[in-house]
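All remarks here apply to the structure that follows.
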Amino acid sequence: MSSPLRPYEPRDRGALYDICLRTGDSGADATGSYAEPALLGEVYVGPYLAFEPGLALVLDDGMGAGGYTLGALDTRAFEDRCEREWWPPLRERHPLARHTPGSADAGVVALIHRPARAPDVVVADHPSHLHIDLLPRWQGGGWGRRLIEALLERLAAAGSPGVHLGVGVGNPRAVGFYRHLGFTELHAVGDTLFLGRSTRP
Ligand code: ACO
């Protein structure tokens, strides 16, 4: 079988939104937690496919995409572009106060209206950032490592010295995975750990 790791194609979009939801509860399935199942993907997948499609990689064994990694080369430029082009139409479609306060949907809508910006101390030496999510059938087989390595190669080739990510302390499996791959702690804000590493091996 040829490698299941391939560049993102526009036909993958729905599958990637679905993977985001199915891993959206600290790595576990968040289906059922959201009245609007596409909301999480609108924050954590959509803008990367729209603005950084060349850094989007998927795992596909012929059954459709089952895992992905997404990246942004220059986090500040990406945040600014999202502010100009991605968030305004979403804010119109998802007004604040439509969802029950405290619900999962309300939490994501709040993020759409007040997106988090990476701390300066994090982007200083690690200007790029990434996300990675694999459905359970792809987990534990080395594919997470392969996706990260493929993304780091692309980021290094594009001139990035370092990459960071934000991960919840409630997802110890992912934290252990990143640390095993050489990521170290850069900063912590509330329950979010910012980890980073050089894009070079
Ligand atoms: N502690 C220590 N080492 C670990 C851990 C851990 N918790 N998890 C994996 N490893 C090691 C493996 O043993 C392996 O070691 P080796 O290559 O030296 O033999 C190496 O890390 C790579 O493991 P993979 O099998 O490639 O890991 P996997 O394919 O399961 O990918 C991932 C890890 C991405 C966390 C996956 O399990 C997943 O998608 N989980 C659900 C979604 C999720 O939590 N995503 C992260 C959200 S945070 C964000 O995206 C910024």
How big is region 1-59 on each of its three principal axes, counting only the C-alpha atoms and giving the largest first in Å? 35, 28, 18
Burial ordering of Asp61, Asp74, Asp133, fewest other beta-carbon atoms within 10 Å first: Asp61, Asp74, Asp133
Distance between region 82-113 and region 179-200 - C-alpha centres, whole angstrom: 27 Å
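Compute, for region 56-98, the length of the dipole vector about the Cα centre, with Cβ point charges of +1 (Lys, Arg) and -1 (Asp, Glu) only. Units Debye, rounded to 20.
280 debye
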Square roots of five times the Cα gyration tensor eigenvalues for region 5-118, Å: 23, 19, 11
If the only charges are +1 at each Lys and Arg Cβ and -1 at each Asp and Glu Cβ, what is the size of the charge dipole of region 1-60 around the Cα centre, to the nearest 20 debye? 160 debye
Want the number for Arg91 to Ala188: 0.36 nm per residue separation, take away the alpha-carbon distance, what's left? 32.1 nm
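How long are the semi-axes of the equivalent ellipsoid of region 81-192, taking √(5λ) for every eigenvalue λ of the Cα gyration tensor, in whole Å from largest down? Spell out each step's value before the answer.
Values: eigenvalues 156, 70, 45 Å².
So the three semi-axes of region 81-192 are 28, 19, 15 Å.
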Want the number for Arg84 to Ala38: 0.36 nm per residue separation, take away the alpha-carbon distance, what's left? 14.5 nm
Show me, for region 155-163, the HN-Hα J-couplings you get by feeding each phi into the Karplus relation (A = 6.51, B = -1.76, C = 1.60, θ = phi - 60°), rounded to Hz, glycine and proline as x. 5, 5, 5, 8, x, 7, x, x, 10
If Thr75, Thr23 are placed from fewest to most neighbouring beta carbons inside 10 Å, the sequence is Thr75, Thr23
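By its C-alpha gyration tensor, with a ≥ b ≥ c as the square roots of the eigenvalues, how is the chain shaped: rounded for a/c under 1.5, else prolate for a/b larger than b/c, else oblate?
It comes out rounded by the Cα gyration axes.
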Please compute the net charge surrounding Leu195, taking Lys and Arg as +1 and Asp and Glu as -1 over other residues with Cβ under 10 Å from its Cβ. +1
Which of the chymotrypsin sites (Phe, Trp or Tyr not before Pro) found in region 62-115 are loop residues per DSSP with 10 or fewer other Cβ atoms within 10 Å of their Cβ? none
Cβ-based net charge around Gln139, under 12 Å, with every Lys or Arg adding one and every Asp or Glu removing one: +3
Along region 177-182, Karplus-curve 3J(HN,Hα) (6.51, -1.76, 1.60; θ = phi - 60°) to the nearest Hz, with x for Gly and Pro, reads 4, 5, 4, 4, 8, x
Can you list the HN-Hα couplings for region 128-145, worked out from phi with the Karplus curve (6.51, -1.76, 1.60; θ = phi - 60°), rounded to whole Hz and with x for Gly and Pro? 8, 9, 9, 9, 8, 8, 10, 5, x, 5, 9, 7, x, x, x, 6, x, 4
First select every other residue whose beta carbon is under 14 angstrom from the beta carbon of Gly64; then total the charges, Lys and Arg +1, Asp and Glu -1. 0
Please go through region 137-201 and write out the chymotrypsin sites (Phe, Trp or Tyr not before Pro) that DSSP classes as loop and that have at most 16 other C-beta atoms within 10 Å. none
As a check on your grasp of the helix formula, calculate [θ] at 222 nm for the chain: sum -39500 (n - 2.57) over DSSP H runs of n ≥ 4, divide by the residue count, round to the nearest 500. -10000 deg cm²/dmol
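Taking the Cα centre of the chain as origin, sum charge times position over the Cβ atoms of Lys and Arg (+1) and Asp and Glu (-1), and report the length of that vector in debye to the nearest 20.
200 debye
Read the figures in this text as sums done on the coordinates, not as results from a lab. Everything numeric in this text was worked out from a predicted model, so none of it was measured. Glycine also receives a Cβ, built like all others from the backbone with ideal geometry; neighbour counts cover every protein chain displayed.
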